[in-house]
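To keep things clear, I will list the structure first and then write my remarks on it.
We did not get these values from a lab; they are worked out from the coordinates using the rules stated. The model shown is predicted, which means the values in this text are computed figures rather than measured ones. Here the Cβ is made from the backbone with ideal geometry for all residues, glycine too, and neighbour counts use every protein chain on show.
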Amino acid sequence: MKNEECRHLLGQLADYVDGEASQALCQEIERHLSGCENCRVVVDTLRKTVTLYHTRGREPLPGDVEARLYRVLDLKDR
Amino acid sequence: MPDDPAFVERLRAGDKEACAICVREHSANVYNLALKLTGEPAAAEDVLQETFLSAFRSIARFEGKAQLSTWLYRIAHNAALMRLRKRQVDTVSLDEPVEGEDSILQPRDAGRADWSENPEQVLLDAEMRRVMDEAVASLSETLRSVFVLRDVNQLSTAQAAQVLGLSEEAVKSRLLRARLALREKLSAYMAGRAAEAKR
């Protein structure tokens, strides 16, 4: 039964992790998390995963790639 | 970004300065989308060039119903998928999920490792960056597209849905599956790293 509750919770996390869940859903999730160490770890590391990609997922456009793009498009760079 | 009709009109007229502004504003975003979808810098550069060449050639067909950036993302996404399909035509089906939803929603032992308090420098070293990229590359095409648009390019759910021609609910559902799958991969890596440190 506990396992089913955990699966139900994981399926509801989309809005929760983005801070867009309704108050009722937040309360339901937080009630479960307070008594389930496994799910708490999953939610914490899920948040960390999202933060990592938000802060470090992007790469700068390499200068040589940018220069070639302007050349191909016959545009002046800057 | 100038998204107003007057600016789009300048693009339609082939105004070089307007084109340069458009490129300056959107090229890094398009490049990142292409890089994460294809996993190859050379392919990403091709997609980047194709996207702007195609956009400026077909700007007359841009109706202004979506944002200019959404339209560019859609062109780039299609171009990247074409490349992936060409490359993988003889290998695994692109739509075949790497992991089923059940396994994603059922964290394994490694997935239960708590690394939420790890110091930033451990999480952000070069090896971790490689693991992060490999984890994204391991996602199925459908999950990867949603994840990159939402969590790398940081588009809203509504904008990602427009780019992909999906409902917002479908975007949310795929995003959750992608995030859980990535969390699982990063957790497995962190668990291995913690075990190594104990030796």
If a cysteine in chain A has no other Cys Cβ under 4.7 Å from its own Cβ, put it on the list, ordered by number. A:Cys6, A:Cys26
Charge dipole (the protein assembly as shown, unit charges on Cβ, about Cα centre) - positive-most of A:Val42, B:Gln88, B:Val131: B:Gln88
Quick P(r) readout (region A:2-72; Cα-Cα; 5 Å bins; whole %) gives 3, 13, 20, 17, 11, 7, 5, 6, 6, 6, 5, 1, 0
Evaluate the charge dipole of the protein assembly as shown about its Cα centre and quote only its size in Debye, nearest 20, assuming +1 on the Cβ of each Lys and Arg and -1 on the Cβ of each Asp and Glu. 420
Within a 10 angstrom radius of each residue's Cβ in B:174-181, how many Cβ atoms of other chains show up on average? Whole number is fine. 4
